[in-house]
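Heads up: the structure comes next, in structure tokens.
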Amino acid sequence: MYGSKGGIFMDNQNNFKPFIPANKIVPEFTVTSIVLGGLLAVIFGAANAYLGLRVGMTVSASIPAAVISMGVLRVILKRDSILENNIVQTIGSAGESLAAGAIFTLPAMFIWMKDWGLGSPSLIKIAIIALCGGILGVLFMIPLRKALIVKEHGVLPYPEGTACAEVLLAGEEGGSKASIVFAGLGIAGLYKFIGDGLKLFPTEIEWEIPGYHNGAFGIDVLPALLGVGYICGFKISGYMFAGAIVGWIALIPLISLFGANMTLYPATVPITELGFWDIWDNYIRYIGAGAVACGGIISLIKSLPLIIDTFRKAMKDYSNLDKSESSLRTDQDMSMKVVLFGSLLVVIAIWLVPSIPVNLVGALLVAVFGFFFATVSSRLVGIVGSSNNPVSGMAIATLLISTIVLKSTGLVGQDGMMGAIAIGSVICIIAAIAGDASQDLKTGYIVGATPKKQQYGELIGVLISAITIGAVLYLLNAAWGFGSKEIPAPQATLMKLVVEGVMEGNLPWTLIFAGAGIAVAVEIIGIPVLPFAVGLYLPIHLSAGVMVGGIIRLFFEKRKKVSEDDRKEQIDRGILYTSGLIAGEGLIGVLLAIFAIINVGESTLADTINLSTSVNLGQIGSIIAFIILIITLFKFTISYKDKRSKTS
């Protein structure tokens with residue numbers, strides 16, 4: 001069975017029949033699917049890079065990519081192959097996953113090189129590191145496909161992969177749904193350009209709390225934050241906002257009160273001279289980093305029994321691999337010779353290519369930890385979903401061990417730190433891509449795709465995104481700088497602190513351990529640590545914007561006088577629209593970064609289009625614009641009419 005969730009989840013491999021039979025040949029790996037998939041990989045990769053560096057969270061691109069693909073191929077190009085659509089979403093989602101892995105670590109290189117007066121890492125360096133991680137992520141997962149996707153069908157649900165298959169199977173509605181994504185993309189792009197490009201209204205507004213020294217509240221009225229909150233839901237948004245409240249409404253005023261005239265490291269002036277932004281920069285960020293690090297480790301420890309069981313079963317599956325080539329189209333993987341030789345070649349390249357600051361020991365660490373975490377990630381996402389894959393915890397564990405090993409071999413200082421972060425970057429990308437490839441191959445298994453062609457698609461998506469991500473990181477860093485208020489890059493800043501802490505030991509450990517203590521307390525009372533910790537680390541302005549989206553999602557989930565089918569359809573439409581909001585803001589954010597580094601006379605292009613000196617609507621304009629944006633979300637969500645009611 002393939003058409004119902006019951007069939008997808010419960011039928012075992014012997015009873016399961018894909019939507020497209022193995023003996024049927026339909027268009028799949030075509031020039032059209034490659035071009036469209038590559039374009040979506042660039043779009044969602046850039047958008048997720050911007051979003052992750054700004055908010056510390058990314059969103060899956062599989063379903064939006066599938067919906068856009070159906071809209072373009074079915075409606076515009078009059079092509080109706082579900083397998084062609086599947087290749088498009090496979091390539092497109094690879095871009096998003098590679099970006100998610102890269103932004104967790106690579107910005108640390110930019111921050112260090114700026115601090116050391118060395119400029120920025122080259123685009124070639126970033127692209128090669130990302131490409132090596134992406135290729136290994138795909139190759140390490142391929143031998144596991146039959147064991148995890150086929151043998152354990154009905155045991156491992158792979159929630160995102162199954163949901164994407166459901167969308168593809170309901171492809172007759174693809175055109176109308178694609179228009180929702182495009183509408184969100186266009187509206188968010190226009191909003192972002194007017195607010196942060198023309199600067200007709202501020203997209204960040206804040207107020208000091210009267211009578212409460214250094215107490216402040218603010219909100220970033222941005223489409224992407226609204227979208228993230230809606231997609232994540234009320235609970236996750238609430239946990240994140242709670243962390244922000246602790247940081248901004250409790251800790252900052254307390255530090256102001258108790259610090260008084262003291263000068264506390266890392267600040268260099270008395271606390272009485274610091275405003276709330278200064279206290280956030282000097283103290284709260286370190287407390288938040290400690291909480292995020294502890295949260296990542298806690299998530300890894302909680303997953304440890306599952307990780308051990310996963311690896312044990314995976315090794316058993318590796319030893320029992322059927323190395324014979326299958327004649328069935330739906331059971332053909334890339335050759336194991338290609339997988340083994342390709343993996344070896346990439347590991348050697350990591351060791352020998354000058355652009356990658358890793359020695360032989362580092363390359364061996366990549367091979368060992370990369371293989372381990374790819375195996376773990378591939379199975380883990382089948383149970384908990386990609387959204388709950390503890391990639392940051394894996395990265396922290398890898399960085400700690402790698403940095404200690406490199407330091408013990410005498411590789412210290414700048415070379416040791418850059419080498420450690422390069423190792424962590426490759427492994428982080430491996431884990432993210434392996435998890436994404438697993439979800440995509442589950443989608444393909446359900447709809448009847450050819451695994452080998454999907455694996456080629458993953459590699460193409462990785463190649464395109466590796467080239468793109470270097471340019472995106474370079475532009476965002478040149479425009480605003482990683483670690484700044486505009487681009488906080490929370491995970492990368494944390495990874496930087498981890499490496500520095502091991503190599504140099506000169507961090508404000510009291511603040512970091514205080515954050516870890518808060519994280520442990522939060523875990524004890526049963527609140528998910530990571531969203532709370534990210535909220536504690538980031539400015540409250542970001543969490544407040546996310547919270548608005550979460551509240552709107554709660555409204556639709558609790559609506560009365562609406563049938564369950566209509567409620568689900570409306571929520572799904574909202575997810576598509578807000579996915580468009582995220583992509584639209586991300587793309588214009590990258591465009592504005594380009595404007596910020598293009599010189600026009602004695603100023604930049606960004607300064608040239610800035611109209612704030614002549615027209616500025618102020619905070620009232622910001623609030624009105626955000627309300628209008630919220631109204632568009634309601635319109636595109638509620639406008640759904642149950643087709644059955646029309647035909648009944």
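The values are calculated or read from the model by the stated rules, or taken from the named source; none is laboratory data. Since this is a predicted model, take the numbers as computed values, not measurements. As a convention, Cβ positions derive from the backbone with ideal geometry for all residues, glycine included, and neighbour counts pool all protein chains shown.
Here are the numbers for the structure shown:
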{"read-out": "Test: Gly229 is within 30 Å of Ile464 (Cβ to Cβ), in the same structural domain as Leu633 (by TED's automatic domain parsing), more than 21 Å from the chain's Cα centre (by Cα) and at pLDDT 85 or above", "value": "no"}
{"read-out": "Residue match in the range 254-272 (condition: over 25 Å from the mean Cα position of the chain (by Cα), in the same structural domain as Ile620 (by TED's automatic domain parsing) and closer than 23 Å to Gly584 by Cα)", "value": "no"}
{"read-out": "Matching residues in the range 262-297 - criterion: being of a type in the set (Val, Ile, Thr) and either buried (at least 18 other Cβ atoms within 10 Å of the Cβ) or at pLDDT below 85 (or both)", "value": "Thr263, Thr268, Ile271, Ile279, Ile284, Ile287, Val292, Ile297"}
{"read-out": "In the range 311-369, residue modelled with the highest pLDDT [restricted to those that are of a type in the set (S, T, N, Q) and surrounded by 13 or more Cβ atoms within 10 Å (Cβ to Cβ)]", "value": "Ser343"}
{"read-out": "Boolean, Ile301 is at pLDDT below 85, under 30 Å from Leu538 (Cα atoms) and surrounded by fewer than 19 Cβ atoms within 10 Å (Cβ to Cβ)", "value": "yes"}
{"read-out": "Scan of the range 469-483 for residues that are part of a helix (DSSP H, G or I) and surrounded by fewer than 24 Cβ atoms within 10 Å (Cβ to Cβ), ordered by number", "value": "Gly470, Ala471, Tyr474, Leu475, Ala478, Ala479"}
{"read-out": "Among the residues listed as Ile433, Ile427, Ile404, the single one being more than 16 Å from Pro143 (Cα to Cα), surrounded by 24 or more Cβ atoms within 10 Å (Cβ to Cβ) and at pLDDT 80 or above", "value": "Ile427"}
{"read-out": "Number of positions in the range 585-623 that are under 30 Å from the mean Cα position of the chain (by Cα) and part of a helix (DSSP H, G or I)", "value": "17"}
{"read-out": "Meets criteria (of a type outside the set (Gly, Ala, Ser), surrounded by fewer than 19 Cβ atoms within 10 Å (Cβ to Cβ) and at positive phi) for Lys24", "value": "no"}
{"read-out": "Candidates Ala99, Ala108, Ala130 - the one that is in a helix (DSSP H, G or I), among the small types (Gly, Ala, Ser), touching a Lys or Arg at 6+ places or on another chain (Cβ under 7 Å) and closer than 22 Å to Val499 by Cβ", "value": "Ala108"}
{"read-out": "Tally, over the range 19-34, of residues that are outside any loop (DSSP other than H, G, I, E, B) and in contact with a Ser or Thr (Cβ under 6 Å, 6 or more places away or on another chain)", "value": "0"}
{"read-out": "Thr58 being crowded, with 24+ Cβ neighbours inside 10 Å, of a type in the set (Val, Ile, Thr) and modelled with pLDDT under 85", "value": "yes"}
{"read-out": "Those residues of the range 111-130 which are closer than 20 Å to Gln491 by Cα and either at pLDDT 95 or above or of a type in the set (A, V, I, L, M) (or both), in sequence order", "value": "Ile111, Met113, Ile126, Ala127, Ile129, Ala130"}
{"read-out": "Leading residue by the ranking (modelled with the lowest pLDDT) among those in the range 374-396 that are of a type outside the set (Lys, Arg) and more than 18 Å from Ala100 (Cα to Cα)", "value": "Ile383"}
{"read-out": "Flag for Glu486 being acidic (Asp, Glu), assigned by TED's automatic domain parsing to the domain that holds Met418 and surrounded by fewer than 21 Cβ atoms within 10 Å (Cβ to Cβ)", "value": "yes"}
{"read-out": "Any helices (runs of 4 or more DSSP H) falling wholly within the range 215-311 and containing at least 2 residues that are of a type outside the set (A, V, I, L, M, F, W, C) and more than 30 Å from Ala183 (Cα to Cα)", "value": "252-259, 285-302"}
{"read-out": "Among residues of the range 348-362, those that are of a type in the set (A, V, I, L, M, F, W, C), out of contact with any Lys or Arg (no Cβ under 8 Å at 6 or more places or on another chain) and touching a residue at least 40 places away in the same chain (Cβ under 8 Å), counted", "value": "5"}
{"read-out": "Residue in the range 228-246 that is surrounded by the fewest Cβ atoms within 10 Å (Cβ to Cβ), counting only those that are small (Gly, Ala, Ser) and in contact with a Phe, Trp or Tyr (Cβ under 8 Å, 6 or more places away or on another chain)", "value": "Ala242"}
{"read-out": "Filter result for Leu530 (closer than 23 Å to Pro253 by Cβ, of a type outside the set (Asp, Glu) and under 20 Å from the mean Cα position of the chain (by Cα))", "value": "no"}
{"read-out": "Hits in the range 279-290 (condition: within 16 Å of Met240 (Cα to Cα) and either touching a Phe, Trp or Tyr at 6+ places or on another chain (Cβ under 7 Å) or acidic (Asp, Glu) (or both))", "value": "Arg285, Gly288, Ala289, Gly290"}
{"read-out": "Residue within the range 168-179 that is touching a residue at least 60 places away in the same chain (Cβ under 8 Å), within 18 Å of Glu96 (Cα to Cα) and outside the structural domain of Asp278 (by TED's automatic domain parsing) present", "value": "no"}
{"read-out": "From Ser612, Ser622, Ser603, residue being free of Cβ contacts under 8 Å to residues at least 40 places away in the same chain and either out of contact with any helix residue (DSSP H, G or I) (no Cβ under 7 Å at 6 or more places or on another chain) or over 30 Å from Ala163 (Cα atoms) (or both)", "value": "Ser603"}
{"read-out": "Lys452 part of a helix (DSSP H, G or I), buried (at least 24 other Cβ atoms within 10 Å of the Cβ), out of contact with any Leu (no Cβ under 9 Å at 6 or more places or on another chain) and basic (Lys, Arg)", "value": "no"}
{"read-out": "Complete set of residues in the range 250-261 that are touching a residue at least 24 places away in the same chain (Cβ under 8 Å) and surrounded by 16 or more Cβ atoms within 10 Å (Cβ to Cβ)", "value": "Leu251, Ile252, Pro253, Ile255, Ser256"}
{"read-out": "Selection from the range 404-449 of residues that are outside any helix (DSSP H, G or I) and touching a residue at least 12 places away in the same chain (Cβ under 8 Å)", "value": "Thr409, Leu411, Val412, Gly448, Ala449"}
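Rundown of residues vs (1) crowded, with 21+ Cβ neighbours inside 10 Å; (2) outside any helix (DSSP H, G or I); (3) in the same structural domain as Pro107 (by TED's automatic domain parsing); (4) not β-branched (Val, Ile, Thr), yes/no style:
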| residue | (1), (2), (3), (4) |
| --- | --- |
| Gly505 | no, yes, no, yes |
| Thr510 | no, no, no, no |
| Ala521 | no, no, no, yes |
| Leu530 | yes, no, no, yes |
| His541 | yes, no, no, yes |
| Val546 | yes, no, no, no |
| Ile551 | no, no, no, no |
| Leu554 | no, no, no, yes |
| Gly574 | yes, no, no, yes |
